[in-house]
Amino acid sequence: MTEKLTPTQIAWRAAQDITDGAYVNLGIGLPEMVARFQPPGRQAIFHTENGILGFGQAPEPGQEDWDLINAGKKAVTLKPGTAFFHHADSFAMVRGGHLDVAILGAYQVAENGDLANWSTGPKGVPAVGGAMDLVHGARRVAIITDHVTKKGEPKLVESCTLPLTGVGCVTRVYTSLAVVDIEDGHFVLREKLPSISLDDLQSLTGARLHTPGPVGDLTAPEL
Amino acid sequence: MDKTIPDLASAVAGIEDGMTVMIGGFGGSGNPIELIHALIDRFLATGHPRNLTVVNNNAGNGHVGLAAMIEQGMVTKLICSFPRSADPVVFTERYLAGEIELELVPQGTLAERIRAGGAGIPAFYTPSSYGTDLAKGKKVEEFDGRPYVQERWLKADYALVKAHVGDRLGNLTYRMAARNFGPLMCSAAASAIVQVSRIVEPGGIDPEAVITPGIFVQGVVEVPKPVQEEELNRAKAVYPEVAE
C-alpha cells in the first residue's frame, strides 16, 4: 500500500487554500480540523449554521457554555467580532451566496460534481442537517476525504451510487493522495503525492483523471 | 396587558391531543427543557396531550427533554433535519419499530419553512435538495437557468421556546447561539410560550436589543436557572426518574 496523507494532513492542505478574510463553513467531523491550520497572517471568519459568525476555538474542559456551541454540538468560544443570528439568517448566508467556501466530507464525489455525503442507503435513521443547503450557495464547495473507502473502493466515481446531497456542486476535492478539481464534468488532477504514479492513482480512482496542465507535488508537514 | 404565566404547568395547559408543537433549540442550546418536562408531567398525570407532531431540529438526546417526550409515547410524528445525537437511542428504536413518523427536512429548508409560516408566505423555492431523494414529489421550477424546489410553509398550534430575558409584553432577548430557531418558531405558532431566565417590566429591555418583538409571543414564564440538556445528559439523567 502506498503512503498517504493522514486526515489531519488533508485538513492542513485544505486550509492552505483559504484566503485572508474568507467566510468559511466547516462541516461536522474532519472538516472542523481545517480551522486549526490557518496559515500565519491569514484570518478566516468561520460560520456555523446554528447561528454564529467568527467563533473561536474550543474552551478548556470545564469552561464550556452550552449556549455557545457549533454545528457539531461542541462547545466553542467567543472572539472579538463574534455575531449571533437566528437560523433563517444563518441559511440566508449559506444559500444567498455569501460564504466563500464550504468544506465538507464525502462518501462519493462524481466527476460532474455530484456529491453523496448524507446517507449510505435506506437502512437506519436518515439525517441530513445542513449538508443539502451548504452545497448550494458557497462560492467554492470543497471536499476533504480519503481517496478510497475503508474497503478500498474509489470515492471519486463516474456517478454516485449513494443518495445524492447535491447535483453538480463540488468544485475541488482534497484526498489522502491528490488534489482534484472538477471542471466541465471532469476530474482534473492538480496535485498528487510524489510517491504514487499517475497509473496507480488512476487505478484507485473511479473515473478518468484529466491532466491538461502540470501536476504539482502534494506535500504536507508531519502533524 | 401582561403575558406572564405564573407557573410551568399553566404554561403548557393549552396543548391538546393531535396538535403540532414547535420546540426551539439546536441540540441542547435553546432547548426549553423545563417547558417540555412540564408537558410530560401533564401527560403522566392525565394521559394528554398525545399524538403530537413535533417540529425540532433534532430528535432528542439521552432520556430528557424531547427524547423523554418520545420515550413516553407522546409524539407520533417528528419534523426535523438531524435525528441523530450523542445518544439517539429513544428516537432510533421508535423509528426503526415504525412507531414514529419522520419527515426529514434539510436544515435551511426547515428554518425557511418556519420563517415562511410566520411571515404569511405559503411556498417558496430553494436550491437545497434539488436532484435528491428529499425533493421527490415536489414541484421544480427554473429561475435564471437554475432549478429550484418548491417548499411549503410550516405552522404550528404551539411553540415552546427558551429565551433569556422577556418583558411582560413578550419582547425577548436570547443568549448566544441558543437563539437558533426561537424567533422563527415564535412567529410561526398560533401560541408561542416562552420560558425566560428573567421577566422584567416593559422598558427593562433596550428596544434596540429586542430580538423577538412581543407581537409574536403569547405567554412568558420565568425559569430563573434553566438546566442545560447537555449537563443533564452528562449526569445520565432520566426524566421522569423511575422510582425503584
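All of the numbers you see were taken from the coordinates with simple rules; none came from a lab. These numbers come from a predicted model, not from an experiment. Virtual Cβ from ideal backbone geometry, glycine too; neighbours counted across all protein chains shown.
Over chain A, what is the relative contact order in percent, taking alpha-carbon pairs closer than 8 angstrom and at least six residues apart?
Contact order relative to length: 19 percent.
Given points 7 Å out from each Cα along the Cα-Cβ axis, report the B:GLU241 to B:THR76 separation in nanometres with one decimal.
Label at B:GLU241, label at B:THR76, 3.4 nm between them.
Which length gain, in nm to one decimal place, applies between B:ALA9 and B:LEU96 when the Cα-Cα distance is subtracted from 0.36 nm times their residue separation?
28.1 nm
If R0 is 41 Å, what FRET efficiency do you get for B:ALA119 and A:THR149 from their C-beta distance, rounded to 0.05? Present the calculation step by step, with values, prior to reporting the outcome.
Numbers: r = 44 Å, r/R0 = 1.06.
The pair B:ALA119/A:THR149 has a calculated efficiency of 0.40.
List every residue whose amide H lies under 5 Å from the amide H of B:THR212, counting only residues 5 or more places away in sequence or on a different chain, with H placed 1.01 Å from N in the peptide plane.
Amide H neighbours of B:THR212, under 5 Å, 5+ apart: B:LEU172.
Positive end of the charge dipole of the stretch B:1-143 (Lys, Arg +1 and Asp, Glu -1 on Cβ, about the Cα centre): tell me which of B:THR53, B:SER81, B:SER129 has its Cα farthest that way.
Checked the options; the winner is B:SER129.
Using a simple spin-label model with points 7 Å from Cα along the Cα→Cβ vector, what separation in nm is obtained for A:GLU3 and A:THR120?
Going by the 7 Å Cα→Cβ label model, 3.0 nm.
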